[in-house]
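Only one structure is covered here, and it is reproduced in the block below.
The values are calculated or read from the model by the stated rules, or taken from the named source; none is laboratory data. Note that the structure is a prediction, hence the values are computed from the model and not measured. FYI the Cβ positions are ideal-geometry reconstructions off the backbone, even for glycines, and counts take in every protein chain you see. Side chains are part of the model used for accessible areas, which takes the heavy atoms of the whole protein and leaves out ligands, DNA and RNA. Shrake-Rupley method; radii C 1.70, N 1.55, O 1.52, S 1.80 Å.
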Amino acid sequence: MNQYLDIAVNLIGSHLEQDLNRVINEAANQGVSPLILIGSHLDESRSCIQVCRQYPKKIYTTAGVHPHHASQWQTESATELRQLARQPGVVAIGECGLDYNRDFSPRRQQRQAFEAQLTLAAELQYPVLMHQRDAHDDFLAILDDYLEALPAALLHCFTDGPKQAEDYIARDLYLGVTGWVCDERRGLDLVNALPLIPDNRLLLETDSPYLLPRSMRPKPKSGRNEPKYLPYIVQAVADIRGQSLDSLARQCYSNSLRFFKLESTHG
């Protein structure tokens, strides 16, 4: 059986949380282990850390503040996040970045919170897991000031096209790809960009419980995405890139261990 690592699972605060044990075990039965949980604000990051303690080596987490929650970022937030980042199981700063699509937080505050988290990631030498939606130019303008100081940077849930992919590839970013590639209505730009992503910079994710692959048959009755469906996404990406499932799975698993510095534990 191939090994897979789901780099983005929204477990806490979603419908998956009430089925935590089942979700983790069913994923592992499909070779999907460990899982990386996403901390989208400080309280959620704390909860994710508690799950890491319950499932050592099966669950890891990021710690950070999503742009939707950037208005919650205060002067003391950097100190709190620094303390969280040092807890066992935390493998990256994030999810941080910019989201000009929904603007749940004012854009000025989004930029401030993003810069503060990049500063912290550089200080602690943690990789950073990032979010960008409809903010490409501002995102790059901020990121460019920190890239040299960061050990590694990942744009998760990449859904844009070849032009944006080339901008990120030129900066040596890792790109996380979801079941968006399985959506014949919205995924064409991503399908066209996929062949451009270097083998050693491609990561794969479900972003569950969101983005259930539209082409999946039969569809789960719940309508929710889960980490156990990651092999379906990997097969779709392999087909688009003209690669075998086995070789792509091995490459992306290795990429994930390297990015999150888990090679000594799971290599």
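Is at least one residue of region 66-79 modelled with pLDDT of 95 or more and part of a strand (DSSP E or B)?
No: region 66-79 contains no residue that is modelled with pLDDT of 95 or more and part of a strand (DSSP E or B).
Among (1) more than 21 Å from the chain's Cα centre (by Cα); (2) without any contact (Cβ under 8 Å) to a residue 12 or more places away in the chain, where does Ser222 come up short?
(2)
Given the conditions (1) more than 20 Å from Phe259 (Cβ to Cβ); (2) touching a residue at least 40 places away in the same chain (Cβ under 8 Å), report the number of the one that Val90 does not fulfil.
Here Val90 meets the rest and fails (1).
Pairs, please: C-beta under 6 Å, at least 6 apart or cross-chain, first residue within 17 Å of Pro198 (Cβ to Cβ) and in region 136-160, second surrounded by fewer than 19 Cβ atoms within 10 Å (Cβ to Cβ) and of a type in the set (Gly, Ala, Ser)?
none
Is it the case, given these coordinates, that Leu257 is within 18 Å of the chain's Cα centre (by Cα) and at pLDDT below 95?
Judged against the criteria, Leu257 is not a match.
Considering region 13-26 alone, what residues qualify as being in contact with an Asp or Glu (Cβ under 9 Å, 6 or more places away or on another chain) and open to solvent by less than 20 Å² (accessible area, probe 1.4 Å)?
Hits for region 13-26 are Leu16, Val23.
Between a first residue in region 73-85 that is more than 14 Å from Ala121 (Cα to Cα) and a second residue that is among the aliphatic types (A, V, I, L, M) and open to solvent by less than 40 Å² (accessible area, probe 1.4 Å), which pairs have beta carbons less than 6 Å apart while being 6 or more apart in sequence or on different chains?
Listed pairs, sorted by first residue: Trp73/Val65; Trp73/Ala113.
Cβ contacts < 8 Å: first residue assigned to a helix (DSSP H, G or I), restricted to region 36-53; second residue among the aromatic types (Phe, Trp, Tyr) and modelled with pLDDT under 95, any location; separation 6+ or different chain. Result?
No pair meets every condition.
Of the residues Gln87, Gln117, Gln109, which is part of a loop (DSSP other than H, G, I, E, B) and either more than 18 Å from Ala8 (Cβ to Cβ) or open to solvent by less than 70 Å² (accessible area, probe 1.4 Å) (or both)? Spell out the reasoning first.
Details: Gln117 fails: part of a loop (DSSP other than H, G, I, E, B); Gln109 fails: part of a loop (DSSP other than H, G, I, E, B).
The conditions single out Gln87.
Residue by residue through region 117-137, note down the ones that are over 20 Å from Gly176 (Cα atoms) and of a type in the set (D, E, K, R).
Glu123
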